[in-house]
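The values are calculated or read from the model by the stated rules, or taken from the named source; none is laboratory data. Everything numeric in this text was worked out from a predicted model, so none of it was measured. Positions of Cβ are backbone-derived with ideal geometry, glycine not excepted, and every protein chain shown enters the neighbour counts.
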Amino acid sequence: MSSSTDASTRVVRLPATLNNLAHLATMLEKLERSGRAPDPGQYRQLVARVSAELAQQAGHVALPQLLEVFPATAELYENQQYDVAGLCLSPLDRSVQTEQAARDALAALRQR
């Protein structure tokens, strides 16, 4: 499976069991990066399919490789895993800042 990045092409070898997820992730990346607003129904349907495939492939040894290549799918996976792993794929500084911003927002809402 190959994926285009900003300036180059990256080739990642994945087991056949991840082919469907890789194809769906490619579609999600194209939709996310198209520069046009996607049809909401189409977007929801694609995200639901990617989410279901991520749930089915959770724990697969090659999943981290796939997530490195497809940032939109990685973000979706991270959101799915948030309750047990927090921002597990984000850089630590960004994770800490995001957690603190969430706490600050909740505190502000409580004071209202």
Within the stretch 88-95, does at least one residue satisfy the condition of being assigned to a helix (DSSP H, G or I) and modelled with pLDDT of 80 or more?
no
Hand me the list of helices (runs of 4 or more DSSP H) wholly inside the stretch 1-78 holding 2 or more residues that are charged (D, E, K, R) and modelled with pLDDT of 90 or more.
19-32, 40-57
If you check every pair at least six apart or on different chains, which have Cβ atoms under 7 Å apart with a residue in the stretch 41-66 that is of a type in the set (S, T, N, Q) first and a residue that is crowded, with 16+ Cβ neighbours inside 10 Å and part of a helix (DSSP H, G or I) second?
Ser51/Leu76; Gln57/Leu18; Gln57/Leu21; Gln57/Leu63
